[in-house]
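The structure under discussion appears below in the form of structure tokens.
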Amino acid sequence: MASSSRRPSLAHDKAASQRLTVTQPSLTGTGVAIAPGATGSNSVACPAGSLLTGGGHSTSGYDIITTDSFFSGNTWTVIGKNTGTTSQTLRAVARCTSGA
């Protein structure tokens, strides 16, 4: 005897049918200057009432190597090492959503 299972329709599941909207395309941290050969970190938090859904980073040059990038709660943090010969800036970038 074959068994079948039916999934509930998402249209009838209020929690699943709620929409999330992007409140801002991205939030960028103020940035941190990293001296040649040094390691630094930068963080940016989503505003109250929103939810962090992802993140990344930007740099002022090509000499920063990202060594870690992660979230904690509603904050995105990035850590990088400057392998160049001049100071470079590292900025965390967060993607935030809120219920619509």
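No value in this document is a laboratory result; all are computed from the given coordinates. The structure presented is a predicted model; accordingly, all values stated were derived computationally and were not measured. Here the Cβ positions follow ideal geometry from the backbone for every residue, glycine too, while neighbour counts run over all protein chains shown.
Could you calculate the contour length gain from ALA33 to THR53, that is, 0.36 nm times the residue separation minus the distance between their Cα atoms, to one decimal place in nm? Spell out each step's value before the answer.
On the way: separation 20, 0.36 × 20 = 7.20 nm, distance 2.61 nm.
Full extension from ALA33 to THR53 adds 4.6 nm.
At 7 Å along Cα-to-Cβ for each site, give me the label-to-label distance between SER60 and SER98 in nm.
A separation of 3.2 nm, rounded to one decimal place.
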